[in-house]
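For reference, the structure discussed in these notes is given below.
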Amino acid sequence: MYDKAGINDVSEFYREKFVHQANFDFTHRILNFFNLNHFKSFWIYAKVKPNSRVLDFGCGSGTLSALKQKGCHLTGVDYSASALEIARTLNHYDEVIVGDISRCELPIASFDYIVSLDVFGHIEFAHKDAVISRLQDLLKPNGTMLHGIECADIAYDQLSPEELAQFVQVDGHVGIEGKPAILQRFQRFFRNVRGEVRYDVINLVEEYLKKRDSYGAPLPPLLWAYLRSLSASEQEIFNICAGLAMHNLERFQCRPSAQETGGFLFLEASDAPLSPLELPVPESWLLDPMTLLHNDNVFFRGWYGLESDRETSHRWAGKEGFLYLPNFSGRVLRLSVFSYHPRIMDSPVEVLLIQIAERERLRARVVLYSHQPVEITIPVEYDHFILKIHATTTWIPRYYDPDSDDARELGAGVKWVYLN
């Protein structure tokens, strides 16, 4: 099919096709849970159990990096070395492998989950069963497949050469098939298979534009002009509104009929019994104690954005930063504070942790004599708990490093934060 569409080198076709210089972890910001752009990823995130070994088949630049927040070990396979470098460095995949899944050297029966988004529609019909068989070999006994699959009844054999080339060269969709065909294909390999079509009524700004501009789908001219005029922030607002609509459709179970064959199929396959299909309500995760460091609503004032290096993530405050914990009365807050002040050996940095209530109350005091973090434990005594972290000494990196252009005023940093 690729050759009929004028694509002679599939690896070259995909080398830069879906390379996105972006961090795909949507868990650090409440609104991301409602952005339609994350709806597909959210489904897989909801299904995967913590601390699992996950193979992301056709991972691109690391679309499912949110799974790292659940302690998962992520292995990504893709044709694009450029995309995989982003998956490894920016999205923190543990292992990345360039090439065809059928030829990659991976240990047999080693993954709890094998997942993909928008991949099976790019596999030619003649190769699909072999790919599923290969993935099944890599899955642990009673492991689970989770795939988001584009589906539609497309009569490829009725397209003219020009129509076929136009259709395939946009996104590489050489293997789109309807829901019944997909389910039957997986049922040949797994005892339990379930799939339900979603995501076929509401769409993203970029998808509306692509359907009109690249596929020639009808779109009212005024709507097309409006969508074209949106800024990046306005596009995000549009996508959040679309996501809210989608979540409400899920909530009221306003879904396509069981016979619907086109749209976006969420497919689950395993030899073990399957978990419930429904998505959990995202609000229950918004303050997951294991992901507090990534939540801008916890680090709600006085903090710079989340920063990551190869080993850890951290946040910097200015002279003072505030934490907000709305529903954790009776828990124990544990966090590590640190400073990278260049002269800390000569001038130790004092950090005060002050509870904000009707009047301020000093809950902890620590003096940092080195760049090593210090752990602090504070009982959370009531809901809507606010803690101020105040550093008596701050510094500006560019004043100490001539090669730095960092003009931020930095006080205390936090490397991790948990609730017991």
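I'd like the per residue volume of the convex hull spanned by the Cα atoms of the chain, given in cubic angstrom.
Numbers: hull volume 75.4 nm³, N = 420.
Enclosed volume per residue, from the Cα hull, is 179 Å³.
Quick one: which residues, 5+ away or cross-chain, put their amide H under 5 Å from the amide H of residue 368? H built at 1.01 Å from N.
Result for residue 368 returns 349, 350, 351.
How would the range 169-223 be classified by its alpha-carbon gyration tensor: rounded, prolate or oblate, with rounded meaning a/c under 1.5 and the a/b versus b/c comparison settling the rest?
prolate
Where is the GNM fluctuation largest for the chain (alpha-carbon springs, 10 angstrom cutoff): 366, 19, 174?
The residue with the greatest mean-square fluctuation here is 366.
Any idea what log10 I(q)/I(0) is at q = 0.22 Å⁻¹ for the range 79-153, Debye with uniform C-alpha scatterers and no solvent?
Treating every Cα as an identical point scatterer, log10 I(q)/I(0) equals -1.24.
How far is it, in nm, from the label point at residue 160 to the one at residue 399 when both lie 7 Å from their Cα along the line to the Cβ?
7.1 nm
Per residue of the range 89-95, in order, report the coupling 6.51 cos²θ - 1.76 cosθ + 1.60 (Karplus, θ = phi - 60°) as ³J(HN,Hα) in whole Hz, putting x for Gly and Pro.
8, 8, 10, 6, 5, 6, 8
Per DSSP H run of at least 4 residues, take -39500 (n - 2.57); add these up for the chain, divide by its residues and hand me the 222 nm value, nearest 500 deg cm²/dmol. Don't skip to the end; give the middle numbers.
Working: 10 runs with 99 residues, N = 420.
My calculation for the chain gives -7000 deg cm²/dmol from helical runs alone.
For the chain, with only Lys/Arg (+1) and Asp/Glu (-1) charged at the beta-carbon, what is the dipole magnitude about the Cα centre, in debye rounded to 20?
Approximately 1260 debye in magnitude.
Using the 10 angstrom Cβ neighbour count as an exposure proxy, how do 338, 39 rank, fewest first?
Listing 338, 39 from fewest to most nearby Cβ atoms yields 338, 39.
For a quick check: sort 116, 233, 329 by the number of other beta carbons within 10 angstrom, fewest at the front.
In increasing order of surrounding Cβ atoms, one gets 233, 329, 116.
Any chance you could give the angle, 0 to 90 degrees and rounded to 10, that helix 161-171 forms with the longest Cα principal axis of the chain?
Helix 161-171 sits at roughly 20 degrees to that axis.
For the range 31-189, I need the span (max minus min coordinate) of the C-alpha atoms along each principal axis, in Å, sorted largest to smallest.
Result, largest extent first: 48, 36, 29 Å.
Would you work out the charge dipole size for the range 292-419 about its Cα centre, treating the Cβ of every Lys and Arg as +1 and the Cβ of every Asp and Glu as -1, and quote it to the nearest 20 debye?
400 debye
How much length would be gained if the chain were fully extended between residue 170 and residue 234, taking 0.36 nm per residue of separation minus their Cα-Cα distance, in nm to one decimal?
Result: 20.5 nm gained on full extension.
Rg to Rh ratio, the range 292-419, alpha-carbon atoms and Kirkwood radius?
Checking Rg against Rh, the ratio lands at 0.97.
Name the long-range amide H neighbours of residue 178: under 5 Å, sequence gap of 5 or more, or other chain; modelled H, no Pro or chain starts.
It is 152, 154, by chain and number.
Relative to 2.2 N^0.38 Å, what does the C-alpha radius of gyration of the range 361-420 come to as a ratio? Two decimals please. Can you show the working numbers first?
Details: Rg = 14.9 Å, N = 60, 2.2 N^0.38 = 10.4 Å.
This ratio for the range 361-420 stands at 1.43.
Computed from the coordinates by the stated procedures, all read-outs in this text should not be read as laboratory data. Remember, it's a predicted structure, so these values are computed and weren't measured experimentally. Glycine gets a Cβ as well: all are built from the backbone with ideal geometry, and neighbour counts include every protein chain shown.
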